[in-house]
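Report on the following structure.
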Amino acid sequence: MVEFDPRFVDILRKEIAQLRNSGALPTEAKLKEYYHNFASRFGPERLAALNGEPLLRLMHQRRSANSLMYWLESREGDEFAEGVGTIAGEARSAYGVYNDGTTWLKEGLSVEHEISLHDAVSIAEAQRDEILRGCELFRQLPQGASDEEYASLDTEISHIAHSVSPTAWGHKYFGLIFPERLDHFHNPVHQRFHVIKALQLPPEQRGRYAIAGRFVAMASALGVPMSHLTTALQRRNGHPHAYWRVLAEDSEGVNGSWELMQAQSCMAIGWPALGDLGWLLKDRANEDRLIELLEQHYSSNARAITNARRQIMSFVLRATESDVVVAADGQGNLGIARVKGNYEFVEGDAFPHRRKVEWLNADAWQMPESEALRTMFWELLNESNHIEIERRLAGLARMPLAGRQGTPAEAPMVGRVRAALVRKGQVILYGPPGTGKTYWALRAAFQMSTSENPPGKVEFCTFHPGFQYSDFVEGLRPEVVDGSMVYQRKDGIFKDMCAQAEEEPNRSFYLVIDEINRGDVPRIFGELLSVIEKNKRSRDVLLPLSKSRFSMPENVYIIGTMSSAMGANSLPDAVLRRRFAFVEIIPDPAVLGDAAVEGIGLASWLAELNKRVRAHVGRNARSLQIGHSYFLRGEQPIRDFASLVETLQDDIIPLLEEYCSGDFAVLEKILGPALIDVEELRVRHEMFERPSWGGLSEALRQMVRSSAPVAGKPAKAERNVLAKSTT
């Protein structure tokens, strides 16, 4: 099964929820009505019942609002609406035959020509037969089919429906008849683009049908109709764009343009002697003039001139607004931008040929696959590189690529969560802030759900002080009916999920509850606490509002997260704790590897910081440690001192101040006198100003150098902190 990055799926889930709330998506009932209306008019049974001119006119009388081609291209109204992908712009020749109002025409290689009614009928009947054969293939396709099964379908349908299956209208027809087995992107370029945007490596086979399984699996994991998925992807991702790489400086930093690109919000290339190339915008075909200029000013080598011409033409003409460009320094990458403007020329600069861009990311990283490392401007074609760029833009930590290599091996933490769910039915991941509890909860849920057949469904919610029983189980909600305000009983998210689970007993349902201990758990669960235990799910309870009987299905699982900071390391009572398994996630400096900033090893510094926290904060100190994710940007550790300064000043120190309850004597023992002024009861924020960075760097290094075993009981001030933090 294909594994999806759970964080991307969560982003997409929120996108779909927003579209639903805004009324931009048809309801599932309305979609079913649309599909039924289409199938009743043009389904395989209807087409099989017709021959001759009636079949021809039903399929190809394009000016008739009752023809197949009209419905595929532009039909919209009460009976049928869009939401299944557009095929606007497809050439008339793709339809095989069409009518201009009086005459049947067929388009040849260069011109259209009139054909007889008999020939037009023959074309329509042949297309109908191909459609019937294609439909039979889709009926044989198993639910949750693999990439290999979709690839086989793609190969076979290209043989038995060779004129219909390669067209956008043919793909759309099959998608309307089998809406949950085929995506609604009818262009192969768009299909691969949206799969890459979903951080997926597309299948090697490039047919329209070979890739469909990815969209089917994604819709299934989200538990939404295909129409909702494709609409959300289109709204989020926009139209396909290219990915480019511009060489900002060589591996030694010589003749670099990176500072210029950042300061001027542009991408820039050299060849200054060529002068202003703006004439290319008006005379795109005049490559001979460009070749002459290159020969005159740079080289007479034909190969070098050809390479330079291609790069310059791509920079000036081919790269378009909304394309993505990566600034590189040879093997490494410096930043990612989006193209925002047309070609400009700046006289007198070593890098005078420029395009306005918007810099979106300035992390240092490397491409998974090398491409033209010493070329000034290059279109990136490797899809693994596209995925890594998209991951960086989304701010998501790196996870194993899903795709051609199959499902990655299960991480140990996922295995622990799985074992806990098998044993108890629900589990809570707990630990200090910044340790990845939500990340692992989502990853476990999605990895387990996508490895099953049929794929499971994952829902996500967050508990908070305002979250109630009515949100979770059932309650009354105000509605306007006939102009009057009335209260209607509405099922909550958990009761909804359980109802779906009862309808689909062979499918697993996972509910991820973030920050579970921030809500009043006994009030939110209510009488459901009596039936969530694995050995009590055969029982039922009476719901007081609806007076209905409720039992929790065996195929529903709960994964909660809980911060252990500030004494919140347990649920309110032993009755609740008995119903959940608990898996602790603690800070792991090893995640930071050997990363160092200004000679400060991040892993050893974090280990020393947490050692001091455990020694000085008090009895609950183990739950008040600092998590490793504070020191990560995406999946990479912090690499520059400015980012480390921001993290310390804006994240770490305020958290420690809260832990220490304003006791600066304790805070000084943790961070040292260089950062804490005990007499004035303040943090020395002047140390975080750029002119003082040298002293700050030395103070941080000194923390690691002065590391020594700490023993004995906490001092009186520290015991005061202990008392405050546990009340």
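Values in this text are rule-based calculations from the coordinates and carry no lab data. Computed from a predicted model, the values in this text were never measured in an experiment. Every residue, glycine among them, receives a Cβ derived from its backbone with ideal geometry; neighbour counts consider all protein chains shown.
If you plug each phi of the range 215-220 into the Karplus form 6.51 cos²θ - 1.76 cosθ + 1.60 with θ = phi - 60°, what whole-Hz ³J(HN,Hα) values come out, in order, with x for Gly and Pro?
Going residue by residue, I get 5, 4, 5, 5, 4, 5 Hz, with x marking Gly and Pro.
Given the pairs Lys457/Lys536; Lys14/Lys172; Lys172/Lys282, which are separated by over 31 angstrom at their Cα positions?
Values: Lys457/Lys536 23 Å; Lys14/Lys172 27 Å; Lys172/Lys282 39 Å.
Those over the limit are Lys172/Lys282.
What are the residues whose amide H is under 5 Å from the amide H of Tyr98, where those residues sit 5 or more places off or on another chain and H is modelled from the backbone?
Amide H to amide H, under 5 Å and 5 or more residues apart or across chains, Tyr98 pairs with Leu105.
Among the aspartates and glutamates, which fall within straight-line cross-link reach of Lys197, defined as a Cα-Cα distance under 16 Å, with same-chain neighbours fewer than 8 residues apart omitted?
Straight-distance partners of Lys197: Glu3, Asp5, Asp10, Glu15, Asp183, Asp323, Glu383, Glu388, Glu390.
Can you tell me the dipole magnitude for the range 412-584 around its Cα centre, using point charges on the Cβ only (Lys, Arg +1; Asp, Glu -1), in Debye to the nearest 20? Write out the running numbers ahead of the final one.
Values: 23 positive and 20 negative charges, 133 e Å.
In debye, rounded to 20, the range 412-584 gives about 640.
Taking 7 Å along the Cα-to-C-beta vector as the label spot, tell me the Val704-Asp100 distance in nanometres, rounded to one decimal.
Distance between the two pseudo-spin positions: 7.9 nm.
Which lysines have a Cα lying under 28 Å from the Cα of Lys611, excluding residues fewer than 8 positions away in the same chain?
Partners within reach: Lys437, Lys669, Lys713, Lys716, Lys724.
Where both partners of a DSSP beta bridge lie in the chain, what percent of those bridges are antiparallel, to the nearest 5? Provide the component values of the computation, followed by the final result.
On the way: 42 of 69 bridges.
Once the DSSP bridges in the chain are tallied, antiparallel ones form about 60 percent.
On a straight-distance basis, which lysines could pair with Lys534 in a cross-link, Cα separation under 18 angstrom, same-chain partners fewer than 8 positions away excluded?
Lys424, Lys495
List the equivalent ellipsoid semi-axes of the chain in whole Å, largest first, each obtained as the square root of 5λ for an eigenvalue λ of the Cα gyration tensor.
Details: eigenvalues 541, 355, 77 Å².
Equivalent ellipsoid of the chain: 52, 42, 20 Å, largest first.
Return the tail of the calculated pair distribution for the range 166-322, meaning the percent of Cα-Cα pairs more than 26 Å apart. Spell out each step's value before the answer.
Working: 6139 of 12246 pairs.
The proportion of pairs with Cα distances above 26 Å equals 50 percent.
Please state the charge dipole magnitude for the chain, taken about the Cα centre, from unit charges on C-beta atoms (+1 on K and R, -1 on D and E), reported in debye and rounded to the nearest 20. If you can, show how the numbers build up before the last one.
Working: 84 positive and 96 negative charges, 500 e Å.
It comes to approximately 2400 debye.
What does the net charge come to around Glu45 if you take all other residues with beta carbon closer than 13 Å to its beta carbon, with K and R at +1 and D and E at -1? Before the final figure, lay out the partial values.
Working: positive: Arg41, Arg46, Arg128, Arg139; negative: Glu136.
That works out to +3.
Which trypsin sites (Lys or Arg not before Pro) in the range 475-524 sit in a loop by DSSP (not H, G, I, E or B) and have at most 15 other Cβ atoms within 10 Å of their own Cβ?
Working: sites: Arg489, Lys490, Lys495, Arg507, Arg518, Arg523; in loops: Arg507.
Counting only loop positions with at most 15 other Cβ atoms within 10 Å, none of the trypsin sites (Lys or Arg not before Pro) in the range 475-524 qualifies.
Contour minus end-to-end for Arg318 and Val486, with contour as 0.36 nm per residue of separation and end-to-end as the Cα-Cα distance?
Working: separation 168, 0.36 × 168 = 60.48 nm, distance 5.90 nm.
Result for the pair: 54.6 nm of gain on full extension.
Roughly what % antiparallel, to the nearest 5, for the DSSP beta bridges in the range 412-584?
30
Give, as a single signed number, the net charge of other residues whose beta carbon lies under 13 Å from the beta carbon of His241, with Lys and Arg counted +1 and Asp and Glu -1. Numbers along the way, then the final one.
On the way: positive: Arg192, Lys197, Arg318, Arg338, Lys340; negative: Glu321, Asp323, Glu379, Glu390.
Net charge around His241: +1.
For the range 412-584, what does the equivalent ellipsoid look like in terms of its semi-axes, each the square root of 5 times an eigenvalue of the Cα gyration tensor, given largest first in whole Å?
Numbers: eigenvalues 144, 77, 51 Å².
Working through the eigenvalues yields semi-axes of 27, 20, 16 Å.
With each label point set 7 Å from Cα along the Cα-Cβ vector, what nm distance links Leu393 and Ala350?
Result for the modelled spin labels: 3.1 nm.
Taking the Cβ-Cβ separation of Asp640 and Glu53 as r and a Förster radius of 56 Å, what is the calculated FRET efficiency to the nearest 0.05? Could you put the intermediate results ahead of the total?
Values: r = 74 Å, r/R0 = 1.31.
Once the sixth-power term is evaluated, E becomes 0.15.
Relative to the present Cα-Cα distance, how much length would full extension add between Glu479 and Asn307 at 0.36 nm per residue of separation? Intermediate values should be presented prior to the final figure.
Details: separation 172, 0.36 × 172 = 61.92 nm, distance 6.65 nm.
Fully extending the segment from Glu479 to Asn307 adds 55.3 nm.
Would you please give the residues with an amide H less than 5 Å from that of Ser564, counting only those at least 5 places away or on a separate chain, with H modeled from the backbone geometry?
Amide H neighbours of Ser564: Gly431.
For the chain, with the dipole built from +1 on Lys and Arg beta-carbon atoms and -1 on Asp and Glu ones, taken about the Cα centre, which of Leu201, Tyr343, Gly599 lies farthest toward the positive end?
Toward the positive end, the furthest listed residue is Gly599.
With labels modelled as points extended 7 Å from the Cα through the Cβ direction, what inter-label distance (nm, one decimal) is found for Arg619 paired with Ala499?
Between Arg619 and Ala499, the label points sit 4.7 nm apart.
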